[in-house]
Amino acid sequence: MPLDDRRIERFNSDIAGRPLLVKGDSQILYGGMGRLSENSVLNLKNKSHSVTAEFVVPAEGGRGVLIAQGGAFAGWALYLHEGKPKYCHNLAGLVRLYVEADTAVPAGEHQVRMEFAYDGGGLGKGGDVSLYIDGDKVGEGKIAATVPMIYSADETCDIGFDTGTPVSEDYTSENSHFNGTVKWVQLDAGLDSHDHLITPEERFRVAAAIQ
């Protein structure tokens, strides 16, 4: 009590003031995790954020989804397309906005990081996207607008694949599976890392903080 009689505001946990299952501003997800509901994943809407994935690329080159949230009617995904890191923001199914790296990820173990610098000034604004491979910038671009409230009631977050309908037109749900091994993906909300890498010590700190 009192009962919340708001409408659209209740879709976004930050605006509604509703607690999440995630504590803090960072979350680590591991390869193979899937069908994670929106309220069990860190809320990255309407704020600057970063997504960092550590994975192993096979000798023939990498392809497939590192992480995807939502689906064909709203969401975002970070994946390898023709070996190169690529970010897609699906704006309510109306338009898909892309930023792609100009360099492919070589075989072996690597980190890819997407940093989103939110424009601010209200809900659903755009931002600047930067892509990194092992701390080196390999791509950048502009996302004109973003989903402000909710991606979907039934589409989920997946690590290493994209179940349900696909966020991006570059793959289908059937061929979305990453052909290497995704070790982990870290989400950070409102944080800045000037070296653009996550060390094992930092990853341990985040994992220990949420136990």
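Step by step: first the residues of the stretch 1-42, then only those that are in a loop (DSSP other than H, G, I, E, B) and in contact with a Lys or Arg (Cβ under 7 Å, 6 or more places away or on another chain), then the one that is modelled with the highest pLDDT. Which residue is that?
Within the stretch 1-42, the subset in a loop (DSSP other than H, G, I, E, B) is 1-7, 12, 17-25, 31-35, 37, 41-42.
Narrowing further to those that are in contact with a Lys or Arg (Cβ under 7 Å, 6 or more places away or on another chain): 4, 12, 31.
Values: ASP4: 70, ASN12: 62, GLY31: 96.
Only one residue fits best here, namely GLY31.
Considering the stretch 153-169, and only residues there that are of a type in the set (Ser, Thr, Tyr) and crowded, with 20+ Cβ neighbours inside 10 Å, the residue that is nearest to ALA92 (Cα to Cα) turns out to be SER168. A single member of THR199, THR172, THR181 is at pLDDT below 95, hydroxyl-bearing (Ser, Thr, Tyr) and surrounded by fewer than 20 Cβ atoms within 10 Å (Cβ to Cβ), and it is THR199.
Of the residues in the stretch 47-68, at least one is over 20 Å from ALA144 (Cβ atoms), in contact with an Asp or Glu (Cβ under 6 Å, 6 or more places away or on another chain) and open to solvent by 40 Å² or more (accessible area, probe 1.4 Å). Residues of the stretch 139-148 include at least one that is open to solvent by less than 40 Å² (accessible area, probe 1.4 Å), under 20 Å from VAL41 (Cα atoms), of a type in the set (Ser, Thr, Tyr) and out of contact with any Asp or Glu (no Cβ under 8 Å at 6 or more places or on another chain).
For the stretch 114-135, the set of residues classified as within 24 Å of GLU60 (Cβ to Cβ) and open to solvent by 10 Å² or more (accessible area, probe 1.4 Å) consists of TYR132, ILE133, ASP134, listed by residue number.
Evaluating MET149 against the criteria (1) at pLDDT 95 or above; (2) more than 18 Å from VAL51 (Cα to Cα) leaves one unmet condition, (1).
The values are calculated or read from the model by the stated rules, or taken from the named source; none is laboratory data. Computed from a prediction, not measured in an experiment: that's the story for all the values here. Virtual Cβ from ideal backbone geometry, glycine too; neighbours counted across all protein chains shown. These area figures cover heavy atoms from the full protein model, side chains too; ligands, DNA and RNA do not enter into them. Shrake-Rupley method; radii C 1.70, N 1.55, O 1.52, S 1.80 Å.
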